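In what follows, a structure is listed as structure tokens, so that the remarks can point back to it.
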Amino acid sequence: NSVERGGAQNIWIDMQKQEQYIFIKISDDGTGFADAESTHYGIGIRSISKLALEHKGSMNHYNGKEKGAVVEVRLEYKS
């Protein structure tokens, strides 16, 4: 979606483990979400949100400060 719909040239993925959680941040330099505040998400955002909830986590998405889209996922981690 970043490339096809957002016209992104670059995509960055950052993953960190802190205590019992894994944090994943995916960002791009595309056009961002048309309406980041909308409650009507596409299938990609709905799928990520459902997956996060199934793993006792959460998902947040928003437009970047300058441009692009950002998706942040927090998943519970059990060693």
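The values are calculated or read from the model by the stated rules, or taken from the named source; none is laboratory data. These numbers were taken from a predicted model, which means no experiment stands behind them. Reconstructed Cβ throughout: ideal geometry from the backbone, glycine too, with neighbour counts over all protein chains shown. Protein only, heavy atoms only, side chains kept; ligands, DNA and RNA dropped before computing areas. Shrake-Rupley method; radii C 1.70, N 1.55, O 1.52, S 1.80 Å.
Looking only at residues in segment 34-66 that are in a loop (DSSP other than H, G, I, E, B) and modelled with pLDDT of 85 or more, the one that is farthest from Glu4 (Cα to Cα) is Lys56.
Read through the list (1) out of contact with any helix residue (DSSP H, G or I) (no Cβ under 6 Å at 6 or more places or on another chain); (2) open to solvent by 100 Å² or more (accessible area, probe 1.4 Å), then give the number of the only condition that Gly44 fails. With (1) out of contact with any helix residue (DSSP H, G or I) (no Cβ under 6 Å at 6 or more places or on another chain); (2) open to solvent by 100 Å² or more (accessible area, probe 1.4 Å) applied to Gly44, the lone miss is (2). Scanning segment 1-21 for residues that are assigned to a strand (DSSP E or B), among the hydrophobic types (A, V, I, L, M, F, W, C) and in contact with an Asp or Glu (Cβ under 8 Å, 6 or more places away or on another chain) yields Ile11, Trp12. Sub-6 Å Cβ pairs linking a first residue in segment 27-44 that is within 15 Å of Gly64 (Cβ to Cβ) to a second residue that is at pLDDT below 75 and open to solvent by less than 30 Å² (accessible area, probe 1.4 Å), at least 6 apart or interchain, number zero. Asp14 falls short of the stated requirement of being out of contact with any helix residue (DSSP H, G or I) (no Cβ under 6 Å at 6 or more places or on another chain) and open to solvent by less than 60 Å² (accessible area, probe 1.4 Å). Starting from segment 1-26, keep only residues that are at pLDDT below 95 and of a type in the set (Ser, Thr, Tyr), then list their pairs with residues that are open to solvent by 70 Å² or more (accessible area, probe 1.4 Å) and outside any strand (DSSP E or B) whose Cβ atoms are within a distance under 7 Å, requiring at least 6 positions of separation or different chains. Taking only residues 6 or more apart or on different chains, the pairs are Tyr21/Tyr77. When Val71 is tested against the conditions (1) among the hydrophobic types (A, V, I, L, M, F, W, C); (2) touching a residue at least 40 places away in the same chain (Cβ under 8 Å); (3) in a helix (DSSP H, G or I), the lone failure is (3).
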